[in-house]
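Data first, discussion second: the structure below is written as structure tokens.
The values are calculated or read from the model by the stated rules, or taken from the named source; none is laboratory data. Fair warning: this is a prediction, and the values are worked out from it, not measured in the lab. Positions of Cβ are generated from backbone atoms using ideal geometry, with glycine treated the same way; all protein chains shown enter the neighbour counts.
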């Protein structure tokens, strides 16, 4: 299931008591962050945030730093307090407090991790060493998958894209270590450098496992060859955005015919899962290549590959030498971090990942108030009314498609703060003896629980994000929008600020998630969450033409010399920004009807402050490496263009700041969608 996220943060409705003095705002928008030497009509991102950008430094432990990261960092401090309190408290076995406290304590116990050495990895190394046949390879891949260790392909229970109430097996491409296909297949200078760094990283890890330097280098080269084969057979990040290319539902018999060298009976037995009548073998061409490799790659080479996949995946659970090598490649080279983050931050993140409901409900009990949820519902209601009006007013869409669009909008569900129904962790055993033991136990618990959904109606009430998460999302198969408690905080919603700022910030975010249901991907799913074309042919053609305008616009944005945003990869998020901000703007204007016009604040009109509210949400700086990683792999554009891109299409922005062509913030042929 693809869940469309806002990427970093949204809104809020809480008092400032939980926000540090350094992060607090006394008004909705601080004019000292601006750079008014830059014209608003030339570069609005710089105009709104320029002084902040100049004075702000990216911390050495981070690859980027901005409004989203500051809120996440503030949340982490509170989560640390919760975890350290739990760690000091003797709580009943199996209670939330006991589990999160012991998990955190074991993670923080670096001395025990060093003492354990390779012990967590040895069971897998022993099994790998005993592999004798291709059947053994498939069996061991199944066992690794059951432990949460990736290898060759992905596999799990999830929604049937064309029957959203059903849970089926989904098998898809996988088996890579670097972020995606392009990292293996592109041959520009930077890609060649990254591939060389990756081989060095693997070589160093094999040496840490005890291989001689020559053997380690040879093994690294072999893994690179095998993963390159898998990468060439994989779909790109852009191609994966097409839901049709993620859906190929076949019978088990057909799957076995397509991949005769991958014995699915053996694999399912290793997973402890009863084969279903059908499964989604998502990318047939990938599985064709994987099938060929099972029979043509030597057993010794498969053993090298599986050793690599195990040690790389478990690096964070192993002694510092392994974790440092992992950081040097993924943190330093790919992301631009200069230093590893403090251990406590790593452990906070790991507890949230493994026990996010247990940690999150304690977090939410401290920070998420009923008035926050009430105000959030009110704003969502206002944005929904605005979106309904936008659909009705579209000149390019016919009445039949409008009727279907309104039907979909009317069935939107919302999840705010935390789950209404808790799943709990009954049966999971966590203690302070072994960090690796806790991680493996948690992986096994989550994986087993995932398969328990098979054969049952899909539970659409699940939230999909932990309560402390600083993000928001839209789910096409659920047709719902989600705003966790972690993001519902200042400065993204400020009770002390004027409505203009709040509609520009939180309103833009709410609109972004609502309009994901009508972007290039979300618009392919109907009101029930099924992959189904509900558009007339003419209306779909008109939509695609307007979407192509957005693609071309963002393709022209140069992030670094010869590094351009991928307009097709980022299309859904760019539509979400543009359409969502438009929907929020008209919700704001409607909110002013019948009331005295609000006074200007700091010399800015309400309309101007609306756009300033949006711009400050996206204040952020990235390392050059993080920019390249974002462009290559992320469906979200970088902050400057999430501000300037949508606004340059909006006549409402041009009117607010008296911008006229040929100003850069006024496109001569603006894109128009929602």
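Only one entry in 194, 254 is modelled with pLDDT of 95 or more, surrounded by 18 or more Cβ atoms within 10 Å (Cβ to Cβ), outside the structural domain of residue 569 (by TED's automatic domain parsing) and part of a helix (DSSP H, G or I), namely 194. Mind listing just one residue for me: the one in the range 362-413 that is part of a helix (DSSP H, G or I) and touching a strand residue (DSSP E or B) at 6+ places or on another chain (Cβ under 9 Å) and, of those, nearest to residue 348 (Cα to Cα)? By that ranking, first place goes to 364.
Filtering the range 502-516 to residues that are farther than 11 Å from residue 387 by Cα and either touching a strand residue (DSSP E or B) at 6+ places or on another chain (Cβ under 7 Å) or not assigned by TED's automatic domain parsing to the domain that holds residue 391 (or both) leaves 513, 516.
Within the range 519-539, the residues that satisfy the criterion of being touching a residue at least 24 places away in the same chain (Cβ under 8 Å), within 21 Å of residue 394 (Cβ to Cβ) and surrounded by fewer than 24 Cβ atoms within 10 Å (Cβ to Cβ) are 520, 521, 522, 524, 526, 527, 532, 534, 535, 536, 538, 539.
Looking at the range 166-177, which of the residues that are crowded, with 21+ Cβ neighbours inside 10 Å and in contact with a helix residue (DSSP H, G or I) (Cβ under 8 Å, 6 or more places away or on another chain) is nearest to residue 335 (Cα to Cα)? This residue is 175. With respect to the conditions (1) in the same structural domain as residue 524 (by TED's automatic domain parsing); (2) more than 17 Å from residue 350 (Cβ to Cβ); (3) in a loop (DSSP other than H, G, I, E, B), residue 466 lacks only one, and its number is (2). Elements of the type helices (runs of 4 or more DSSP H) sitting completely within the range 281-340 and holding at least 1 residues that are closer than 15 Å to residue 227 by Cα and in contact with a helix residue (DSSP H, G or I) (Cβ under 9 Å, 6 or more places away or on another chain): these cover 284-296, 299-313.
Against the test of being assigned to a helix (DSSP H, G or I) and surrounded by 19 or more Cβ atoms within 10 Å (Cβ to Cβ), the options 569, 581 yield a single qualifying residue, 581. The number of residues in the range 540-557 that are without any contact (Cβ under 8 Å) to a residue 40 or more places away in the chain and crowded, with 24+ Cβ neighbours inside 10 Å comes to 0.
Among the candidates 142, 158, 148, the residue that is outside the structural domain of residue 634 (by TED's automatic domain parsing), under 26 Å from residue 569 (Cα atoms) and either touching a residue at least 24 places away in the same chain (Cβ under 8 Å) or touching a helix residue (DSSP H, G or I) at 6+ places or on another chain (Cβ under 7 Å) (or both) is uniquely 158.
Given the residues 447, 481, 501, 514, which is the only one that is within 20 Å of residue 364 (Cβ to Cβ) and touching a residue at least 60 places away in the same chain (Cβ under 8 Å)? That would be 481, the only listed residue that is within 20 Å of residue 364 (Cβ to Cβ) and touching a residue at least 60 places away in the same chain (Cβ under 8 Å). Any chance the range 635-644 includes a residue that's closer than 26 Å to residue 519 by Cα, surrounded by fewer than 23 Cβ atoms within 10 Å (Cβ to Cβ) and not assigned by TED's automatic domain parsing to the domain that holds residue 509? Checked against the condition, which is being closer than 26 Å to residue 519 by Cα, surrounded by fewer than 23 Cβ atoms within 10 Å (Cβ to Cβ) and not assigned by TED's automatic domain parsing to the domain that holds residue 509, the range 635-644 yields no hits at all. Based on this model, can you work out whether residue 11 counts as in contact with a helix residue (DSSP H, G or I) (Cβ under 8 Å, 6 or more places away or on another chain), closer than 23 Å to residue 502 by Cβ, at pLDDT 95 or above and part of a loop (DSSP other than H, G, I, E, B)? The answer is no for residue 11. Being over 21 Å from residue 315 (Cβ atoms) and part of a helix (DSSP H, G or I) is a property that holds for residue 82.
Within the range 85-123, the set of residues being free of Cβ contacts under 8 Å to residues at least 60 places away in the same chain and outside any helix (DSSP H, G or I) comprises 89, 90, 91, 92, 93, 95.
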